[in-house]
Amino acid sequence: MILIFLLFLTIVSLNEDLEKRMLHTKANIINVSGGKDTVKIVKKLREIDPNFPIIATGGPTEETVREVIQAGANAVTFTPPTNGEIFKE
């Protein structure tokens, strides 16, 4: 059996030292979950390293997912509707 371990680094704010966290870590993938700043964080990370794997939260709409992809995320998580939104219909 071959085991593969991936180390994820999560970034949630533009106030973090993005370059230091990205370049001086042993992470294999960066996870960006910065709420309204997610697109800005992904763009900044792409300026630092255009090839580092990034997964980012895309929010609840196709438009917000598209923005995160255009910013440079390699993979995007979609925020599903809440139970209240589902049962409202």
Exercise. Would you mind computing, in nm to one decimal, how far apart the modelled labels at N83 and I4 are, each placed 7 Å from Cα along Cα→Cβ?
Key: 3.6
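Quick check for you: with a 1.4 Å probe and neighbouring chains kept, what is the accessible area per residue of the chain, in Å²?
Per-residue accessible area for the chain comes out at 72 Å².
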Quiz prompt | Relative contact order [Cα under 8 Å, 6+ residues apart], the chain, whole percent | solution = 23
Practice problem: Return one number: the angle in degrees, 0 to 90 and rounded to the nearest 10, between the long axis of the Cα atoms of helix 38-48 and the longest principal axis of the Cα atoms of the chain. | Solution: 20
Quiz item: For the range 38-89, with only Lys/Arg (+1) and Asp/Glu (-1) charged at the beta-carbon, what is the dipole magnitude about the Cα centre, in debye rounded to 20?
Solution: 200
Quiz item: Do the sum for the chain: with -39,500 (n - 2.57) for every DSSP H run of n ≥ 4, divided by all residues, what is the mean residue ellipticity at 222 nm, to the nearest 500 deg cm²/dmol?
Solution: -10000 deg cm²/dmol
Quiz prompt | Carbon + sulfur, % of accessible area of the chain - ligands and nucleic acids excluded, 1.4 Å | solution = 56
Quiz item: To the nearest 0.05, what FRET efficiency results for N15 and E63 with a Förster distance of 25 Å applied to their C-beta separation?
Solution: 0.45
Quiz item: Near T25, within a Cβ-to-Cβ distance under 13 Å, what is the net charge of the other residues, with Lys and Arg +1 and Asp and Glu -1?
Solution: -1
Quiz prompt | DSSP beta bridges in the chain [antiparallel fraction, %, rounded to 5] | solution = 0
Quiz item: What list of ³J(HN,Hα) values in whole Hz, one per residue of the range 17-33 in order, does the Karplus curve 6.51 cos²θ - 1.76 cosθ + 1.60 (θ = phi - 60°) give from phi, with Gly and Pro shown as x?
Solution: 7, 4, 5, 4, 5, 6, 8, 10, 10, 9, 5, 8, 9, 9, 9, 9, 9
Quiz prompt | Protection-proxy order for peptides 6-18, 24-36, each taking the mean of Cβ atoms within 10 Å per residue, highest first | solution = 24-36, 6-18
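The values are calculated or read from the model by the stated rules, or taken from the named source; none is laboratory data. Small disclaimer: the values here were computed from a predicted structure and weren't measured. For neighbour counting, all protein chains shown are included, and Cβ atoms are generated from backbone atoms with ideal geometry for every residue, glycine included. Keep in mind that these areas ignore ligands, DNA and RNA; they rest on the heavy atoms of the full protein, side chains included. Shrake-Rupley method; radii C 1.70, N 1.55, O 1.52, S 1.80 Å.
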